[in-house]
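In what follows, a single structure is set out as structure tokens and then discussed.
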Amino acid sequence: MDSPAFWVILLAAIFTNNILLSNFLGMCSFLAVSKRVETAVGLGLAVVFVCTCTSALNWIIYYKLLNPETSWIGLDLRFLSFILFIAVIAAFVQFVEMVIEKVSQTLYLALGIFLPLITVNCAILGACLLLIIRQYDFVRSIAYGLGSGLGWMLAIVVIAGIRERLRFSHVPAALGQTGIVMIITGIMAMAFIGFAGMISL
Amino acid sequence: MSLYIGSIVIFCGLLLALSVVLEIAARFFVDAGPFTIDVNNGERTLTAEGGSTLLNVLTDNKIFIPSACGGQATCGYCKVRLPDSSIADVLPTEKAFLNRQELANGTRLACQVKIRRPLSVRIPQHLLSVQQYRAKVISTVSVTHDIKELQFKLIDPPTMDYSYGHYIQVSIPDPQEGAISRAYSVSSPIDQKDVIELNVRLHPARGKIPAGKGSTYLHNLKVGDEVIITGPYGEFELDTDPKTELICVGGGAGMAPMKNLILSILEHIPKKPVWLFFGCRTRADVFYLDLYQKLSQKHPHFKVIYALSEKADDHWDGETGFIHLSVDKYLPDDLRAQQAFLCGPPPMIDAVTEVLLDKNMRPERIFYDKF
């Protein structure tokens, strides 16, 4: 299969095939931790890091251990992919948690429960599974992981910026805190369709 | 077969590898201390390992912050002030116990503060004099069908310097949690420094509500048994002006602080006018009435009123109805200068507070202990 180049995958994952705005993966923390730009950037960076590293690691695990055609052992262990991918993601999140707690107490407290919950952020598992389905090679997998993380971060930072402004506007009471964010996310997703013709996966 | 073995090996091997990596990373990134904890601006300096809770560190260093739930954030007693703390640090578990002013001045629940950096903590001065005591039961008397009067002789240290309306905590052995604490008001007068007296009502199991752990333990104590208590605790400040009238209102088992206050005041400030209103359900719940009637014959400034909320027999010459009705009936309409101490179940406290406020008592002059 003739896969697109590294930078094409990277840009496509950020803009045209944004994992949040086109696949709607990773919505829970997107809605919950997007009240302030600062924390959104923090969580975004954590997701970028975890997503990139786990994409690379999970690629190695899948092709070198699980897939019978390319693995070192030749057994068909693909059924283990889900649980092992999640284990790798969980371990990485633990690692990131330690680093953030060491580097910034404020960010650690601001992210609160959503930091350990990156473990079950479906955007990350989604990226790991999609790169297997699309049969990327190692370098392209890293590009896709990095791009997905950056795309998710872009979306959450943009919505956090909008929500900061939103505090000064009169939102109909019925839409509450989250309802209006859902609507804005929809409009943002439509706006991102504008990128669609530029590059494609 | 090799498929099974292969998958088990891969699965376990990978998890093991990840755990090892995390363990190594933890060595580098998790700061395990020790950290210094500054108490009241240099008054004491403690050192603590990272990761433990502030409450445990303080208890280990013989600073006894009141805590009834044993660090589960359900009692809200272990409030301390961390001047460097900001509202953003406050955990959702603490928010239910902190009012707006406390949130603003950095008050936290000590059991919820994990030590991860050097801390500076402010503890009310009176808590620093709190000590742990070994004490021996010297008398147990059933004063009603469900209330026991227990006396403890302090062994080590031999005396406790407690004051008006103070309370102590009894450490209760618990099979699940090791030890839990329960707070009881001291009923002995303040001069009796070597003996602590408590009034404890038994809370038997009722339907799905289990029996009270503290009251069951204390009711089963026999003369000679040893207990661990910490104290004294207390925020009540008696207005010692002999002209200021004190109004004590108690109900049910809320007798202990009243006895302490009345006996102490009659001894030290005999000119001070004191009212005692006490509400019981039936004749069988009445206790200490003879004692108070004798005292009030000797001390004209001390007036005692008991009321029964359920039907009274023909021999009852006291009041009937809920106690707040008696408070309303006997007290004058202007209570601007008086001070009140209430102790009893929440509905009683609420009703009496309403009556007192109606009679123009200043809210800050009403002290209460709801249980």
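Only the coordinates and a few stated rules stand behind these numbers; no lab work does. As the structure is a computational prediction, the values presented were derived from the model and not from experiment. Here the Cβ is made from the backbone with ideal geometry for all residues, glycine too, and neighbour counts use every protein chain on show.
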Relative contact order (percent) for the range B:169-270, with alpha-carbon contacts under 8 angstrom and 6 or more residues of separation? 33 percent
Packing-based exposure ordering (other Cβ within 10 Å, fewest first) of A:TRP59, A:TRP7, A:TRP72: A:TRP72, A:TRP7, A:TRP59
Considering every residue in B:1-14, what mean count of other chain Cβ atoms within 10 Å of its Cβ is obtained? 4
For the pair B:THR216/B:THR240, report the inter-label distance in nm, with labels modelled 7 Å from Cα in the Cβ direction. 4.3 nm
Tell me the label-point distance for the pair B:GLU23, A:ALA173, using the 7 Å Cα-to-Cβ offset, in nm and rounded to one decimal. 5.8 nm
The helix A:81-103 Cα axis meets the longest alpha-carbon principal axis of chain A at an angle in degrees, between 0 and 90 and rounded to 10, of 50 degrees
In peptide A:104-111, how many Cβ atoms from other protein chains are near each Cβ within 10 Å, on average? 2
Rounded, prolate or oblate: which one fits the range B:120-198, using the alpha carbon gyration tensor with axes a ≥ b ≥ c (rounded when a/c is under 1.5, else prolate when a/b beats b/c, else oblate)? oblate
What FRET efficiency, computed as 1/(1 + (r/R0)^6) with R0 = 41 Å and r the Cβ-Cβ distance, is obtained for B:ASP358 and A:ALA196, rounded to the nearest 0.05? 0.05
Between B:ASP313 and A:ILE133, how many nm apart are label points set 7 Å from Cα along the C-beta direction? 8.3 nm
On C-alpha positions alone, give me the angle between the axis of helix B:346-358 and the longest principal axis of chain B, in degrees, nearest 10. 60 degrees
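Once you sort the root eigenvalues of the Cα gyration tensor of the range B:73-211 as a ≥ b ≥ c, which label holds: rounded (a/c under 1.5), prolate (a/b larger than b/c) or oblate (the other case)? Present the calculation step by step, with values, prior to reporting the outcome.
Working: a/c = 2.37, a/b = 1.59, b/c = 1.49.
Note, shape of the range B:73-211 comes out prolate.
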Calculate for the protein assembly as shown the 222 nm mean residue ellipticity that helices alone would give, adding -39,500 (n - 2.57) per DSSP H run of length 4 or more and normalising by residue count, nearest 500 deg cm²/dmol. -12000 deg cm²/dmol
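For a quick check of your reading of the filter: which GluC sites (Glu not before Pro) in the range B:235-303 sit in a DSSP loop and have no more than 10 other Cβ atoms within 10 Å?
Answer in residue order: no site qualifies.
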Could you derive backbone 3J(HN,Hα) for the range B:321-336 from the dihedral phi with the Karplus parameters 6.51, -1.76 and 1.60 (θ = phi - 60°), listing whole Hz in sequence and x where the residue is Gly or Pro? x, 5, 5, 5, 5, 5, 4, 5, 6, 8, 8, x, 7, 10, 10, 4
The distance between the Cα centres of the range A:147-198 and the range B:2-32, in whole Å, is 39 Å
Rounded to a whole number, the mean other protein chain Cβ count within 10 angstrom for residues of A:73-86 is 3
